[in-house]
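Worksheet: the structure to be examined is printed underneath.
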Amino acid sequence: MDATEVALFIDPQQLVRGILVNERGQRYVAEDTYPDRAGQLTLYHQNNTAYLIIDETAQQEAMASLSPQLMMRPPTWVCETVAELEDEIGLPTGFLQSTIADYNHGAAQRHDPLLHKKKRWLRPIGSPVGAIDLRESTGGFTLGGLHTTLDAEVLHVSGVPIPGLFAAGRCTAGLAAWGYASGVSLGDGSFYGRRAGRAATSA
Ligand SMILES: Cc1cc2nc3c(=O)[nH]c(=O)nc-3n(C[C@H](O)[C@H](O)[C@H](O)COP(=O)(O)OP(=O)(O)OC[C@H]3O[C@@H](n4cnc5c(N)ncnc54)[C@H](O)[C@@H]3O)c2cc1C
């Protein structure tokens with residue numbers, strides 16, 4: 001097992017309406033991507049540290065959305081200005097201010113040249129502005145495992161199929177590994193399970 005699915009414990013309705021920044025106050029993923037991709041990038045590439053910056057209007061919109069609100073979270077800090085917020089969080093001076101100035105400049109024209117978030121979610125971040133502390137807010141399950149051929153024959157580390165040994169499902173590397181998406185586990189488990197059965201009976 002050399003990979004993991006990583007959930008980021010924040011409601012997607014909040015995530016898409018804010019911006020996700022790292023410990024340097026910089027964006028690193030489009031907030032409307034598949035949330036577990038944001039989780040993988042946060043855990044493995046951002047020291048498991050993220051803050052969701054969201055203004056009051058966006059937070060209220062998210063709360064009023066039709067989402068089941070299972071993972072809806074209140075802001076950890078709320079300030080009148082981005083400079084104050086940056087200070088409260090403890091981010092290096094000027095970085096979050098610069099990130100939000102750039103984001104707002106593009107968002108005013110419904111444009112995200114850095115990460116290409118969809119137009120419908122782009123709106124300049126106003127005041128009051130809050131931040132949700134998402135440090136250590138990831139969790140998941142292991143991925144990766146046995147390598148197989150398209151007929152689900154297990155490959156030896158040398159790359160040669162091991163005669164008579166087939167595998168399918170989550171004990172195999174399958175399709176998921178570093179690009180997990182909901183449905184992939186049941187999808188590749190049933191698809192390769194069927195191929196394994198066929199290959200085994202015709203061997
Ligand atoms: C809460 C949750 C939500 C999920 N949601 C989704 C989703 O929305 N979409 C999706 O695609 N995937 C989802 N998954 C993942 C998906 O359900 C699993 O990856 C998938 O069921 C794995 O199937 P499998 O056949 O590989 O393994 P399993 O379903 O774990 O089957 C392994 C079987 O082997 C048996 N077994 C173990 N050891 C032995 C032994 N020594 N001898 C005999 N039998 C043994 C076990 O009892 C079990 O029946 C979710 C998983 C969880 C836990």
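The values are calculated or read from the model by the stated rules, or taken from the named source; none is laboratory data. Note that the structure is predicted; figures quoted are calculated from it, not measured. Glycine also receives a Cβ, built like all others from the backbone with ideal geometry; neighbour counts cover every protein chain displayed.
Would you confirm, using the coordinates I've provided, whether Ala167 is more than 10 Å from the ligand (Cβ to nearest atom) and either in contact with a Leu (Cβ under 9 Å, 6 or more places away or on another chain) or among the polar types (S, T, N, Q) (or both)? In short, no. Among the residues of the stretch 101-117, those identified as within 20 Å of Pro12 (Cα to Cα) and surrounded by 16 or more Cβ atoms within 10 Å (Cβ to Cβ) are Tyr103, Ala107, Asp112, Leu115, Lys117.
Tell me, which residue of the stretch 70-85 that is touching a residue at least 12 places away in the same chain (Cβ under 8 Å) and assigned to a helix (DSSP H, G or I) is nearest to Ile125 (Cα to Cα)? Spell out the reasoning first.
Applying the first criterion (touching a residue at least 12 places away in the same chain (Cβ under 8 Å)) to the stretch 70-85 yields 70-83, 85.
Add one more test, that the residue is assigned to a helix (DSSP H, G or I), and what stays is 82-83, 85.
Working: Val82: 10, Ala83: 13, Leu85: 13 Å.
Of everything passing the filter in the stretch 70-85, Val82 is nearest to Ile125 (Cα to Cα).
Matching residues to (1) assigned to a strand (DSSP E or B); (2) out of contact with any Asp or Glu (no Cβ under 7 Å at 6 or more places or on another chain):
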site	(1), (2)
Glu31	no, yes
Asp36	no, no
Gly39	no, yes
Thr42	no, yes
Asn48	no, no
Ile53	yes, yes
Gln60	no, yes
Pro68	no, yes
Ala101	no, yes
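Phe141 meets the conditions (1) near the ligand (Cβ under 9 Å from one of its atoms); (2) within 24 Å of Ser202 (Cα to Cα); (3) touching a strand residue (DSSP E or B) at 6+ places or on another chain (Cβ under 9 Å) in every case but one. The failed one is (2). In the stretch 168-181, the residues that are outside any loop (DSSP other than H, G, I, E, B) reach residues that are more than 10 Å from the ligand (Cβ to nearest atom) and at pLDDT below 85 with C-beta atoms within less than 8 angstrom, at least six apart or across chains, in these pairs: Ala177/Asp2. Going residue by residue through the stretch 86-98, is there one that turns out to be assigned to a helix (DSSP H, G or I), at pLDDT below 95 and crowded, with 18+ Cβ neighbours inside 10 Å? So far as the stretch 86-98 goes, no, none of its residues is assigned to a helix (DSSP H, G or I), at pLDDT below 95 and crowded, with 18+ Cβ neighbours inside 10 Å.
Residue by residue, here is whether (1) in a loop (DSSP other than H, G, I, E, B); (2) within 16 Å of the ligand (Cβ to nearest atom); (3) touching a helix residue (DSSP H, G or I) at 6+ places or on another chain (Cβ under 7 Å) holds:
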| position | (1), (2), (3) |
| --- | --- |
| Arg110 | yes, no, yes |
| Pro113 | yes, no, yes |
| Lys117 | yes, no, no |
| Pro124 | yes, no, yes |
| Ala131 | no, no, yes |
| Thr201 | no, no, no |
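Checked against (1) β-branched (Val, Ile, Thr); (2) surrounded by 14 or more Cβ atoms within 10 Å (Cβ to Cβ); (3) more than 18 Å from Ile132 (Cβ to Cβ), Val21 passes all but a single condition, namely (3).
If you go through the stretch 174-189 and pick out every residue that is modelled with pLDDT of 90 or more and more than 17 Å from Leu146 (Cβ to Cβ), you end up with 2.
The number of residues in the stretch 87-122 that are more than 20 Å from the chain's Cα centre (by Cα) and under 18 Å from Tyr51 (Cα atoms) comes to 16.
The rows are residues; the columns are (1) closer than 30 Å to Thr57 by Cα; (2) loosely packed, with under 14 Cβ neighbours inside 10 Å.
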| residue | (1), (2) |
| --- | --- |
| Pro128 | yes, no |
| Ser137 | yes, no |
| Phe141 | no, yes |
| Leu146 | no, no |
| Gly159 | no, yes |
| Ala168 | no, no |
| Ala173 | no, no |
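When the test is whether a residue is in the same structural domain as Glu61 (by TED's automatic domain parsing), over 23 Å from Asp87 (Cβ atoms) and surrounded by fewer than 18 Cβ atoms within 10 Å (Cβ to Cβ), Tyr28 does not pass it. Against the conditions (1) aliphatic (A, V, I, L, M); (2) at pLDDT below 95; (3) touching a strand residue (DSSP E or B) at 6+ places or on another chain (Cβ under 6 Å), Ala196 satisfies every one except (2).
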